[in-house]
Structures are given as C-alpha cells and as structure tokens.
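First up is the structure itself, then whatever we jot down about it.
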Amino acid sequence: MNILGLVPARGGSKGVPRKNILPLAGRPLLAHSIDHGVKSKYVNKIVCTTDDEEIAEIARENGAEVPFLRPAELATDDQDDSGFTTHAIKWLRDNQNWQADMVILLRPTSPIRDIHHIDTALEMLYDNPDAHSIVSVVLAEKTPYKMFRQSTSKFLKPLIEHDQWEQMNSARQIYPDVFVLNGIIHAMWAEVAVRDNSTLGYRILPYNMGTEPMLDIDSLDDFDNITKLLTDSGIQ
C-alpha cells in the first residue's frame, strides 16, 4: 500500500504573507506537518507541492521531497485541493513510476496533530474501500437549523427550510447533531481523486474528534497562540 503524505504550501498566501515558512516554535510552519508524515507508521512518501523555490528548498531541508514545482495555474487563490492533488498523483505516476493508493493532505495550517489520529483515520479508510475519503470533524457550536439567510426581498428566510418556521425558536436539542471540518485529517483514495477530480467524493467517512478546538492558522495572532500550545502539549 503506497500512501502519499501531501503537504500543500503555495507561495502566494495573502492573509499572512509567506505563512508556510514563518517560524512556529522555532521551525518553519510547514516543518511540523512534514514531521507528522514522517512519524506516521503508514505514510511512506512525503511530498511538498509548492510553486515557490524558497518554500521548496525549506521543505527539502525539513524532510520532504519536492520533485516538481506546482504549475502556476494550480496555485491561485481560487483553486481547490483537487487540482494540486491530482497533479501530484499523476506526476509521481508518470515520472517516478510511483502509484499512490491513498493520499493524506497534511496542511501546514494545522500544525498540531496527534499521530494516532492520522494512523487511525488511514486504517478506517483502508477498512472501508467503498468510501471515497475520510475527514476529521468536530461538533458544530451552533446549529444551522436556527440560522437565517438574506432573501432577495427585504425579509429573512431560514437557511434550512422548516415545515413550521416557529421551530426556529425550539431548543437546539430537537435538531440532529451537525459537524464541521477542522482540517486536521483529510485522506482519500488516489484512484477516486483522479477519476472524479475531487478530494472528497460523495462517500465521506467522518473522523469524529468530538468537541476538540479547531486549531487553524489564519492570522499572526494564531502563531502566538499555537506556539504556546505546541510548547505545552507534548504532541510534537
């Protein structure tokens, strides 16, 4: 079983410029996600997909392969994960004769991962060959069943239509649990990714992380907060 750990790190981050190589707990941000792949007992190839020469060199220095630079058209703000993922799978197949069976995305913006979660999720996907992917989720703090959207007129409409709108005022407990992605775990069968040009498909296994906080780096303040967590957690 060939399992590719893919670290996406394009150079054009606008929210926090050069985010992927800024220092976090004394190391470039992307180095932490590379380490997660190295420590997994199943991931057997770690590739950084980037369009940036400096990021490529730093990724190599921290243990990832960078056998290609990502095409510019796959490194724009509006590109989703499927483009660079299928590009990496096909490039390795065509140029290194290395065929991935599974791919796990190790996004640098999630620098705290328990390796147990990575390996357990990969085992779950392996045990469910009819699934297309597996993603980590947490219980949503607020239910969309009690949310509104702006309609084309001046009035609000429920985000999710109800038979009785008065149910919007009902206790949360009457509604089903709702989950949101937290970005820590995202793995898929490589065949599905290439065939459907999708990293999710439509048979998506949940890796339920309960009510664990979402630890995603979107701002400079997040660097300070997660630095302290990395120091205190002992996960790394």
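The values are calculated or read from the model by the stated rules, or taken from the named source; none is laboratory data. Everything numeric in this text was worked out from a predicted model, so none of it was measured. Neighbour counts run over all protein chains shown; Cβ positions are idealised from the backbone, glycine included. These accessible areas exclude ligands, DNA and RNA; they are computed on the full protein's heavy atoms, side chains included. Shrake-Rupley method; radii C 1.70, N 1.55, O 1.52, S 1.80 Å.
If you roll a 1.4 Å probe over the heavy atoms of the protein chains, what accessible area per residue do you get for the chain, in Å²? Before the final figure, lay out the partial values.
Working: 12260 Å² over 236 residues.
Accessible surface, normalised per residue, equals 52 Å².
Applying the Karplus relation 6.51 cos²θ - 1.76 cosθ + 1.60 with θ = phi - 60° to segment 46-58 yields 3J(HN,Hα) values of 10, 10, 9, 9, 9, 9, 10, 5, 5, 4, 4, 5, 5 Hz, where x marks Gly and Pro. Backbone amide hydrogens, once placed in the peptide plane, bring residue 148 within less than 5 Å of 159, excluding anything fewer than 5 places away on its chain.
Other residues whose C-beta falls under 11 angstrom from the C-beta of residue 79 contribute a net charge of -4, scoring Lys and Arg +1 and Asp and Glu -1. Once Cα Rg over 2.2 N^0.38 Å is calculated for the structure shown, the corresponding label among (1) 1.05; (2) 1.28; (3) 1.11 turns out to be (3).
Within the accessible area of segment 101-141, the carbon and sulfur atoms contribute 49%, probe 1.4 Å, all protein chains present.
Amide H contacts under 5 Å for residue 24: 29, restricted to partners 5 or more places along the chain or on a different chain, H placed in the peptide plane at 1.01 Å from N. Its Cα centre serving as origin, segment 1-120 has a Cβ charge dipole (Lys and Arg +1, Asp and Glu -1) of approximately 300 debye.
Annotation: the antiparallel percentage among DSSP beta bridges lying fully within the chain is about 50.
For every other residue with a beta carbon closer than 13 angstrom to the beta carbon of residue 56, add +1 if it is Lys or Arg and -1 if Asp or Glu, then tell me the sum. Numbers along the way, then the final one.
Values: positive: 10, 60, 70; negative: 51, 52, 53, 54, 57, 61, 65.
Here the charged neighbours net out to -4.
I need to check one value: relative contact order of the chain, counting alpha carbon pairs closer than 8 Å and at least 6 residues apart, in percent. Relative contact order for the chain comes out at 24 percent. Inter-part distance, segment 29-47 to segment 50-90, computed on C-alpha centroids, equals 15 Å. When a/c reaches 1.5 or more, the comparison of a/b and b/c decides; with that in mind, is segment 57-109 rounded, prolate or oblate per its Cα gyration tensor? Because its axes are fairly even, with a/c under 1.5, segment 57-109 counts as rounded. As a rough guide to protection, the peptides 44-51, 73-80 ranked by mean Cβ packing within 10 Å, highest first, stand as 44-51, 73-80. Distant-in-sequence amide contacts of residue 205, defined by a placed amide H-H separation under 5 Å and a gap of 5 or more residues or a different chain, comprise 132, 133, 134, 135.
Would you mind checking 19/146; 142/228; 19/157; 90/146 for any pair whose Cα atoms are more than 32 angstrom apart? Please report the intermediate quantities before stating the final value.
Numbers: 19/146 35 Å; 142/228 27 Å; 19/157 38 Å; 90/146 44 Å.
Exceeds cut-off: 19/146; 19/157; 90/146.
Highest mean packing first, where packing is the average number of other Cβ atoms within 10 Å per residue, the peptides 99-110, 116-127 line up as 99-110, 116-127. Where only DSSP H runs of four or more residues are counted, the chain gives -9000 deg cm²/dmol as its mean residue ellipticity at 222 nm, each run worth -39500 (n - 2.57).
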